[in-house]
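Student: Mind looking over this structure? Questions follow.
The values are calculated or read from the model by the stated rules, or taken from the named source; none is laboratory data. What you see is a predicted model, and the numbers here were worked out from it, not measured in a lab. Glycine gets a Cβ as well: all are built from the backbone with ideal geometry, and neighbour counts include every protein chain shown.
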Amino acid sequence: MSTPLFELRNLTKVYGGGLLSSRSQRALDDFSLTFLEETPKIITIAGESGSGKSTLANLALDFIHPTEGQILYKGKDLAKMSRRERFTFRREVQAIFQDPFGTYNPFYKVDAVFDTVIGKFKLTHSKAEATKQIHEALEVVGLRPNEILGKYPHQLSGGQRQRIMAARAFLLKPRIIVADEPVSMIDASLQVRILDIFRNLKESYGISFLYITHDLSTAYQISDEIYVLYSGSVMENGNVDHVIQNPQHPYTQLLVSSIPVPDPEIRWVSRSTSSAAEIAERPAGNGCKFYQRCPHAMDRCASTTPPAYQVAANQFAACYLYVDGDAKRTAPAHP
């Protein structure tokens, strides 16, 4: 069996709780994920604000360090890498962030984005070769170099700026791109184009993606697998078609039912969870983090964290509804 390309192993991130603060928060709790060398994938991390998505992205990019667990790239623990190994990691694991404008220095032309990368990683030895690589990267993401280069960020649209970020990442020939809410700040008409670029980079160039989003619609369009986070813990994960079309965890069912249907003749009915009064009566406990909001909460849910039960082929839900191995509650079809 080959060594995984990228592995997040039992990651936990706790903020606070030190000498300066008695309070602590578990932003991520015992999270594991693996990208294989031979199988490029788009794996989505989905959830509401505060679910731990951005913490996970920052851990994967080595911007912050885990409280517990390991991050391994090509079998090597990031915490034990040499300077040369870390340099390789920085080149081969790239990022695309949410804000397509805030990433740029408004006083420099967009050419500086590419020039900086080429200089830092010593990608070429001549100006001509650098120009060729920049043009190729722009064309891969559907941009015409003569319409982009020489302009300032404010002269370009949000979609163009985000595609430039994709071109910058592609310039380094990465193995993995961590895309943190990359289409949340651009028009819906442009989102499809960006997602198509991601899909092409995976299929044509073998680049895997860790796609971070709160939007299940975009996750469904491009993902191979999905992990649904709630308060730092995985509620459900597996094949994206299985999870979105037939969600098994009550939290995933809630998220899926909240997706509006693009048909004015169909009334949008969002499935509700327990009432506020019922939630107030339940102690938080040390068990399932969704316990206070869950319409199917049981006593055991408050005291013990449920493991991930297999509910279908390549689909797992951390819920005691499936303790006997049967999918006892299936989400009704979307209205």
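Student: Wholly within the stretch 118-226, which helices (runs of 4 or more DSSP H) include no fewer than the required count, namely at least 3 residues that are closer than 30 Å to Pro247 by Cβ and charged (D, E, K, R)? So that I can check it myself, show each step before the final result.
Tutor: Numbers: elements: 127-140, 145-148, 158-171, 188-205, 216-222.
Ranges flagged: 188-205.
Student: Would you tally the residues in the stretch 155-165 being under 17 Å from Gln98 (Cα atoms) and surrounded by fewer than 20 Cβ atoms within 10 Å (Cβ to Cβ)?
Tutor: Residues of the stretch 155-165 that are under 17 Å from Gln98 (Cα atoms), as a first pass: 156-165.
Next, from what is left, pick out any that are surrounded by fewer than 20 Cβ atoms within 10 Å (Cβ to Cβ): 157-159.
Within the stretch 155-165, residues that are under 17 Å from Gln98 (Cα atoms) and surrounded by fewer than 20 Cβ atoms within 10 Å (Cβ to Cβ) number 3.
Student: Kindly evaluate Asp224 against the criterion of being of a type in the set (Asp, Glu) and modelled with pLDDT under 95. Give the steps one after another, and end with the answer.
Tutor: Working: of a type in the set (Asp, Glu): yes; modelled with pLDDT under 95: no.
Spelling it out, it is not the case that Asp224 is of a type in the set (Asp, Glu) and modelled with pLDDT under 95.
Listed here are the residues, each with its yes/no results for (1) surrounded by fewer than 14 Cβ atoms within 10 Å (Cβ to Cβ); (2) more than 24 Å from Ser49 (Cα to Cα); (3) at pLDDT below 50.
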position: Ser257; (1), (2), (3): no, no, no
position: Pro264; (1), (2), (3): yes, yes, yes
position: Arg271; (1), (2), (3): no, no, yes
position: Ser274; (1), (2), (3): no, no, yes
position: Ala318; (1), (2), (3): no, no, no
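Student: What residue, of Phe89, Phe107, is out of contact with any His (no Cβ under 9 Å at 6 or more places or on another chain) and surrounded by fewer than 17 Cβ atoms within 10 Å (Cβ to Cβ)?
Tutor: On the way: Phe89 fails: surrounded by fewer than 17 Cβ atoms within 10 Å (Cβ to Cβ).
Testing whether each residue is out of contact with any His (no Cβ under 9 Å at 6 or more places or on another chain) and surrounded by fewer than 17 Cβ atoms within 10 Å (Cβ to Cβ) leaves just Phe107.
Student: Quick check on my filter: what residues within the stretch 166-181 are crowded, with 24+ Cβ neighbours inside 10 Å and either at pLDDT below 90 or under 16 Å from Tyr104 (Cβ atoms) (or both)?
Tutor: Matches in the stretch 166-181: Ala166, Ala167.
Student: OK, next. Just for the stretch 95-117: of the residues that are acidic (Asp, Glu) and not in a loop (DSSP other than H, G, I, E, B), which one is farthest from Gln191 (Cα to Cα)? Lay out the reasoning, then the answer.
Tutor: Step one: filter the stretch 95-117 for residues acidic (Asp, Glu), giving 99, 111, 115.
Cutting the leftovers down to not in a loop (DSSP other than H, G, I, E, B) gives us 111, 115.
Numbers: Asp111: 24, Asp115: 27 Å.
Restricting to residues being acidic (Asp, Glu) and not in a loop (DSSP other than H, G, I, E, B), the top hit is Asp115.
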